Amino acid sequence: MELSQPGFGAQASFDILCESGLIGIAISRPDGRIARTNSTLDELLGYAEGELAGRELSEFFLPADLPAVQHGYQRLLSGDKPQFRTQVRLSCKDGETVWTRLIVSVLPGAEPARHLITLVQDTTELHLLRERLTYQTLHDLQTGLPNRHYLLSHLEEVLGRCAPAAVVTLLHLDLDGFSVINDGVGHSFGDRLLNTVARRLESVVSDHRAMVARLGGDEYAILIEPGDTVPAVDALADVINAELTEALYLGGLGVAVTATMGIVQQPAAGADPADLLRAASAALRRSRGRGTGQRAVFDADIDALERAELRLAAGMGGALETGELQVHYQPVVALEGGGLVGVEAVLTRHHPQLGVLPHDRCMQLAERTGAVHAVGRWMLATAAEQARLWRDQLGAEPPPIMINLAVAQAQDPTLGAQLQALLRQTGLRPSALEVRLPMAATHPVPALIDLGLRTSLHDFTGNLGELTHLAPPWVNAVRIAPALARQVADNPSALPARALGAVVPALHTAGIRVVACAVDTARSAQWWRAVGADAAAGALFGTPRTPQHIAPLLGPQP
């Protein structure tokens, strides 16, 4: 098709572009009718050659895009701009749409009547790719559910549009025992179960304006937007677990799960998406301590206490670096005769606001993070070096230093190597240290036995399960749990006291010494002496002290 307007001097260049087939081209007259197209544009829109000529160019723009595009064309025709670019959808002959990128310019040499040239690049595949990438960014690929990022974004939008007093409900769910299923039955079954759980959770809240999201692993979240009534969370939790306990079968094996849940219900006013999710997670963490299939509703007061405890735990590593941690020593004396039989190494933390935190609290805090390993190694090294210093001061071996290990320390496969290195570095005899393992880790540690170290157990309560783990010669002594020691001394006629009184002679028969702790009064010492305990530690015999205060108790100083 030839252009009839005078001055159309770009014919040859246009023909070259038409033949390239890389980009769609349309020449339009000032009235908006198409004068010419190339085959690439014809094929893109589904028309035969020449079929588009004479049609209004505006016919192919969607109504939503048309006003902006027409404005751009008018500015070109009026001479306000030489060119404009935009991304729009175009309608095809079959009713489908394609995404395109347009570059529209005044055709050179088309004066006085301006012709416009529209270059059309098909960006449909690029657009679909972007949509797919966006979907993957916002969704969990396994279940198709929204992910954490999408949930937080949606929650922000919900909070922004609902009334300040409207109550938002958010649940954080963790499947119980999923790792058992995943490892025992197989990951393919585990994936099927994750998908089934996703669909069942969606079904449970299908009557609500709700979003079910997967937060990762076997954790899900349910956001229920404000409605006419506030959901009854206990009833909702029961329905969820009733749905989840319906077995999923694979190869004749039926598997069912329950979920432990943390729940927060809060008015929209002042709520923050990240804080809401953290609150639900905090409630979930609390409910995990109650067993499987449990739920807990967020409590701000309890949360404040738990966060303070977590801050303390998180700061244990730093406390070691700043010198807040110290090792003090507590006398352990024989109940018959009162002679010193050893000293306990006691860890303390001198907190700038809270004061002195005792040993058990320090170790519990350290075990909540990986700091327990660094703190434990430092405590062992400090106690061993102190034993060396006392030996050098006395010119003889002092009574042993007794060190109560945390569970993580006792289960550390490098424990034997650590102690061997300490004995080599300090030149101590193995008898200079007594390593006490917690009852929660009552298996013998061959490396400690091979080194000739005295080994014993702490936090002993005398129950039948504990007695089955006592196997001389690796257990030299047991240290009674402090809470039990106080209880039986305060109420010697109670059943725990009578039972423990019967256990002590049995331990002696097996060659195991009994050390009572938290013996703070003469009455308590008298009771423990009467039942046959060998030694004791507590305020009655001396509180934890610095090495300088303990040294005079060890014997004559050179």
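The values are calculated or read from the model by the stated rules, or taken from the named source; none is laboratory data. Computed from a predicted structure; not experimentally measured. Glycine also receives a Cβ, built like all others from the backbone with ideal geometry; neighbour counts cover every protein chain displayed. Please note that ligands, DNA and RNA were not included when accessible areas were found on the heavy atoms of the full protein model with its side chains. Shrake-Rupley method; radii C 1.70, N 1.55, O 1.52, S 1.80 Å.
Here VAL503, VAL519, VAL515, VAL475 are screened, and the one residue that is at pLDDT 80 or above, in a loop (DSSP other than H, G, I, E, B), over 39 Å from the mean Cα position of the chain (by Cα) and not aromatic (Phe, Trp, Tyr) is VAL519.
For first residues located in segment 293-312 and in a helix (DSSP H, G or I), partners that are open to solvent by 60 Å² or more (accessible area, probe 1.4 Å) and lie 6+ apart or on another chain with Cβ distances below 8 Å form the pairs GLU306/ARG285; LEU310/ARG368; LEU312/LEU354. Pull up segment 388-441, narrow it to residues that are charged (D, E, K, R) and at pLDDT below 90, then point me to the one that is least open to solvent (accessible area, probe 1.4 Å). Going through the qualifying residues, I end up with ASP412.
So that you can scan it fast, the table gives a plain yes or no per residue for (1) open to solvent by 30 Å² or more (accessible area, probe 1.4 Å); (2) touching a Gly at 6+ places or on another chain (Cβ under 8 Å); (3) on the phi > 0 side of the Ramachandran plot; (4) not in a strand (DSSP E or B):
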{"position": "VAL327", "(1), (2), (3), (4)": "no, no, no, no"}
{"position": "VAL333", "(1), (2), (3), (4)": "no, yes, no, no"}
{"position": "GLY337", "(1), (2), (3), (4)": "yes, no, yes, yes"}
{"position": "GLN353", "(1), (2), (3), (4)": "yes, no, no, yes"}
{"position": "VAL356", "(1), (2), (3), (4)": "yes, no, no, no"}
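Only one entry in ASP122, ASP218 is in contact with a helix residue (DSSP H, G or I) (Cβ under 6 Å, 6 or more places away or on another chain), more than 26 Å from ALA283 (Cβ to Cβ) and crowded, with 18+ Cβ neighbours inside 10 Å, namely ASP122. Kindly indicate whether ALA525 is open to solvent by 40 Å² or more (accessible area, probe 1.4 Å), part of a helix (DSSP H, G or I) and hydrophobic (A, V, I, L, M, F, W, C). No, not satisfied. Applying a threshold of 7 Å to beta carbon distances and a minimum spacing of six or more residues, or different chains, the list of pairs starting in segment 225-238 at a residue that is farther than 19 Å from VAL257 by Cβ and in contact (Cβ under 8 Å) with a residue 24 or more places away in the chain and ending at one that is open to solvent by 50 Å² or more (accessible area, probe 1.4 Å) and among the aliphatic types (A, V, I, L, M) reads VAL233/VAL297.
When segment 114-164 is filtered for residues that are closer than 30 Å to CYS92 by Cβ and part of a loop (DSSP other than H, G, I, E, B), the ones remaining, listed by number, are ARG114, HIS115, THR123, GLY144.
Taken together, THR509, THR461 contain a single residue that is of a type in the set (Ser, Thr, Tyr) and either modelled with pLDDT under 85 or open to solvent by less than 50 Å² (accessible area, probe 1.4 Å) (or both), which is THR461. Just give me the residues in segment 140-155 being closer than 21 Å to ARG192 by Cα and under 19 Å from the mean Cα position of the chain (by Cα), in sequence order. The answer is ASP140, PRO146, ASN147, ARG148. Selection over segment 466-510 of residues that are of a type outside the set (A, V, I, L, M, F, W, C) and more than 25 Å from PRO446 (Cα to Cα) gives a count of 11.
Scanning segment 183-214 for residues being without any contact (Cβ under 8 Å) to a residue 60 or more places away in the chain, over 16 Å from PRO231 (Cβ atoms), of a type outside the set (Lys, Arg) and open to solvent by less than 50 Å² (accessible area, probe 1.4 Å) gives a total of 6. Reported count of residues in segment 528-537, each being touching a residue at least 60 places away in the same chain (Cβ under 8 Å) and either in contact with a helix residue (DSSP H, G or I) (Cβ under 9 Å, 6 or more places away or on another chain) or crowded, with 20+ Cβ neighbours inside 10 Å (or both), is 6. In segment 89-99, is there at least one residue being open to solvent by less than 40 Å² (accessible area, probe 1.4 Å), of a type in the set (D, E, K, R) and either on the phi > 0 side of the Ramachandran plot or part of a loop (DSSP other than H, G, I, E, B) (or both)? No, every residue in segment 89-99 fails to be open to solvent by less than 40 Å² (accessible area, probe 1.4 Å), of a type in the set (D, E, K, R) and either on the phi > 0 side of the Ramachandran plot or part of a loop (DSSP other than H, G, I, E, B) (or both). Every residue in segment 237-286 that is under 19 Å from VAL297 (Cβ atoms), open to solvent by less than 50 Å² (accessible area, probe 1.4 Å) and over 25 Å from the mean Cα position of the chain (by Cα), please. Within segment 237-286, ALA268 is the sole residue that qualifies. For segment 65-81, does any single residue satisfy the condition of being surrounded by fewer than 14 Cβ atoms within 10 Å (Cβ to Cβ), out of contact with any Phe, Trp or Tyr (no Cβ under 8 Å at 6 or more places or on another chain), in a loop (DSSP other than H, G, I, E, B) and modelled with pLDDT of 90 or more? The answer is no, given that none of the residues of segment 65-81 is surrounded by fewer than 14 Cβ atoms within 10 Å (Cβ to Cβ), out of contact with any Phe, Trp or Tyr (no Cβ under 8 Å at 6 or more places or on another chain), in a loop (DSSP other than H, G, I, E, B) and modelled with pLDDT of 90 or more.
Of all the numbered requirements in (1) surrounded by 14 or more Cβ atoms within 10 Å (Cβ to Cβ); (2) touching a His at 6+ places or on another chain (Cβ under 9 Å), LEU152 misses one, and that requirement is (2).
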